[in-house]
Every structure is written in structure tokens, then in C-alpha cells.
Amino acid sequence: MNTETVEQTKMDGPQVGDILVSSWGYDQTNVDFWRVVGLTASGKSVRIVPAGQRVVSYSKGSESVVPGDPRDHRQDDATTSLVRWYDFRDGREWCVGVPVGHRNTARLWDGRPVHQTAWGWGH
């Protein structure tokens, strides 16, 4: 295997300012957003803060959400999370472990609203 494809640099992974998204739940879908506020010197971990969310549309039982206002993010709420790399057919992708009491990971948000179960319908 070519070592150039295995080695990753900080530029290949998360960057400060990136928004991450995770979804989780059993009988419902919950969405959490996170903002990258720092990188460790090795680039193997990131500092993330909860990004909150804002509802942009609602229909019976579900809603579409986007990250909240960046001014609402508190730097002192930051936690350090490991960056994990995975190989797929079309290349390598990364995700970040998130610290919310459930075992989950967050991936880079693509900028589109994300669907979750609406409050009152399982939340």
C-alpha cells in the first residue's frame, strides 16, 4: 500500500470553524451540531463546542434544523475529541467522537438542513 495514501495531514481533516453534525436515537431521531474551535498540535484530536440548533421548517412529527448562532457558543464548554479515519471505496473520510452521554460520532456538516423528530413526537 502506498504510504502517501495512508498518511494524513492536518489539512486533510477538520479545520477550525468547521461545523459537525451527529444524529442519534432509538424511537426518534435527534440531531446535535458541534463547532471545531481548535486542533491539537498532532492534528489527531480537535476541540469542539456544542453549536445548538435552529428549526428552519416543521411538518407533523418532524422538523429540519441547522446549527445555531455562532455567538451562542461558549469556548469554556469545549471538549477534546479524537479524529477517526475510515477507508471507503471512494477514499478516506473522517469523523469525530462526541461527548454527549451516548456513543456517537459527528461528521462534517454539508450545509443542508437535517431532519429530526419534532419536539413532542418522542423527544
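The values are calculated or read from the model by the stated rules, or taken from the named source; none is laboratory data. As the structure is a prediction and not an experimental result, all values here were calculated from the model. Glycine gets a Cβ as well: all are built from the backbone with ideal geometry, and neighbour counts include every protein chain shown. Quick note on the areas: whole protein, heavy atoms, side chains included, nothing else; ligands and nucleic acids left out. Shrake-Rupley method; radii C 1.70, N 1.55, O 1.52, S 1.80 Å.
Taking all protein chains together and a probe of 1.4 Å, list 20, 108, 39 from the most accessible to the least accessible.
108, 39, 20
Among 85, 119, the order of accessible area from largest down is 119, 85, computed with a 1.4 Å probe on protein heavy atoms.
Label separation (residue 69 vs residue 93): 3.3 nm, computed from points 7 Å beyond Cα along the C-beta direction. Annotation: amide H of residue 53 within the under-5 Å range of 68, sequence separation 5 or more or interchain, hydrogens built in the peptide plane.
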